[in-house]
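Take this structure, written in structure tokens, and hold onto it; I'll ask about it next.
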Amino acid sequence: MTRPHTRHALHSHLLAIAAAACAAGIAAPASAQSEGGLYIAGYGFSFQEVADRAIAQNPGGRPFFLLSLPPESQALATSAGGPSAAARDRVLAANGVLLVCQRDLDSGRINAAGLAPRVVAVRGWPPAGSPSLPPGERYFKGENPANLPASNEALRRLRSTCSD
């Protein structure tokens, strides 16, 4: 029988492992087998590393989502060259959706005018009491659901990452 303090330590350890996996861009499980997960470039993982992992874990054109946080979002700029541009093109060719946070565009951390085509801006959770995302709704007005994960878990993680 596990003692309570040992069980608590094990639970804390598992939570730490799960948090590290999320930061590493490990895919969240998708609700449907036809859709891959959400991958995040940033938190110490380069765009190229995350792009390679996402492509390898989603063979056969299964769609997946790759969010790039600054400074890794530089790979999504039209001015990106060499390996960064090649990785970006491989993601698109593999049916990946390239994402950035709307908050990073609003703050100027990412230059919207300099983004390559097909990069989608994603909004985070609205402030408490805001009517912009009605209770029970998954998408903001004007959002294209095809550009966002179908998995509730992946969409929650995406919105949480992109919140202010």
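In segment 133-164, what count of residues is obtained for those that are surrounded by 16 or more Cβ atoms within 10 Å (Cβ to Cβ), free of Cβ contacts under 8 Å to residues at least 60 places away in the same chain and under 20 Å from residue 89 (Cα atoms)?
Result for segment 133-164: 1.
Taking residue 96 as the residue in question, decide whether it is within 24 Å of residue 48 (Cα to Cα) and modelled with pLDDT under 95.
Values: within 24 Å of residue 48 (Cα to Cα): yes; modelled with pLDDT under 95: no.
Here the answer is no, as residue 96 does not meet what is asked.
To continue, here is another question. Here are some residues: 108, 129, 96. Which one is more than 15 Å from the chain's Cα centre (by Cα), small (Gly, Ala, Ser) and within 18 Å of residue 42 (Cβ to Cβ)?
On the way: 129 fails: within 18 Å of residue 42 (Cβ to Cβ); 96 fails: more than 15 Å from the chain's Cα centre (by Cα).
Going through 108, 129, 96 in turn, the sole match is 108.
While we're here: Across segment 97-132, what is the total count of residues that are crowded, with 19+ Cβ neighbours inside 10 Å and more than 18 Å from residue 143 (Cβ to Cβ)?
Qualifying residue count, segment 97-132: 1.
Taking residue 51 as the residue in question, decide whether it is assigned to a loop (DSSP other than H, G, I, E, B) and within 19 Å of residue 36 (Cβ to Cβ). If you could, list the steps in order and put the result at the bottom.
Working: assigned to a loop (DSSP other than H, G, I, E, B): no; within 19 Å of residue 36 (Cβ to Cβ): yes.
Considered against the rule, which asks whether it is assigned to a loop (DSSP other than H, G, I, E, B) and within 19 Å of residue 36 (Cβ to Cβ), residue 51 comes out as no.
Okay, moving on. Identify the residue in segment 107-164 that is among the β-branched types (Val, Ile, Thr) and assigned to a strand (DSSP E or B) and, among all such residues, is farthest from residue 84 (Cα to Cα). Before the answer, list the steps.
Taking segment 107-164 first, the residues among the β-branched types (Val, Ile, Thr) are 110, 119-120, 122, 161.
Still in the running and assigned to a strand (DSSP E or B): 119-120, 122.
On the way: 119: 14, 120: 18, 122: 21 Å.
In this case the residue turns out to be 122.
Could you say whether any residue in segment 58-72 is among the hydrophobic types (A, V, I, L, M, F, W, C) and open to solvent by 20 Å² or more (accessible area, probe 1.4 Å)? Can you show your working first?
Just the residues of segment 58-72 that are among the hydrophobic types (A, V, I, L, M, F, W, C), to begin with: 64-67, 69.
Okay, now just the ones that are also open to solvent by 20 Å² or more (accessible area, probe 1.4 Å), so none.
No, there is no match, as no residue in segment 58-72 is among the hydrophobic types (A, V, I, L, M, F, W, C) and open to solvent by 20 Å² or more (accessible area, probe 1.4 Å).
Those residues that are assigned to a loop (DSSP other than H, G, I, E, B) and open to solvent by less than 30 Å² (accessible area, probe 1.4 Å), I need them from segment 73-96; list them, please.
Filtering segment 73-96 for residues assigned to a loop (DSSP other than H, G, I, E, B) gives 78-81, 94-95.
Passing the criteria: 80, 94.
Please list, ordered by first then second residue, the pairs with beta carbon atoms under 9 Å, 6 or more apart or interchain, first in segment 51-73 and more than 24 Å from residue 107 (Cβ to Cβ), second surrounded by 14 or more Cβ atoms within 10 Å (Cβ to Cβ) and of a type in the set (Asp, Glu).
Cβ pairs passing all conditions: 58/35; 62/35; 63/35; 64/35.
Let me ask another. Here are 155, 133, 105, 115: which of them is in contact with a Phe, Trp or Tyr (Cβ under 8 Å, 6 or more places away or on another chain) and among the hydrophobic types (A, V, I, L, M, F, W, C)?
Going through 155, 133, 105, 115 in turn, the sole match is 133.
The values are calculated or read from the model by the stated rules, or taken from the named source; none is laboratory data. The model shown is predicted, which means the values in this text are computed figures rather than measured ones. Heads up, the Cβs are rebuilt from the backbone with ideal geometry, glycines too, and the neighbour counts pull from every protein chain shown. SASA here: full protein model, heavy atoms, side chains in, ligands and nucleic acids out. Shrake-Rupley method; radii C 1.70, N 1.55, O 1.52, S 1.80 Å.
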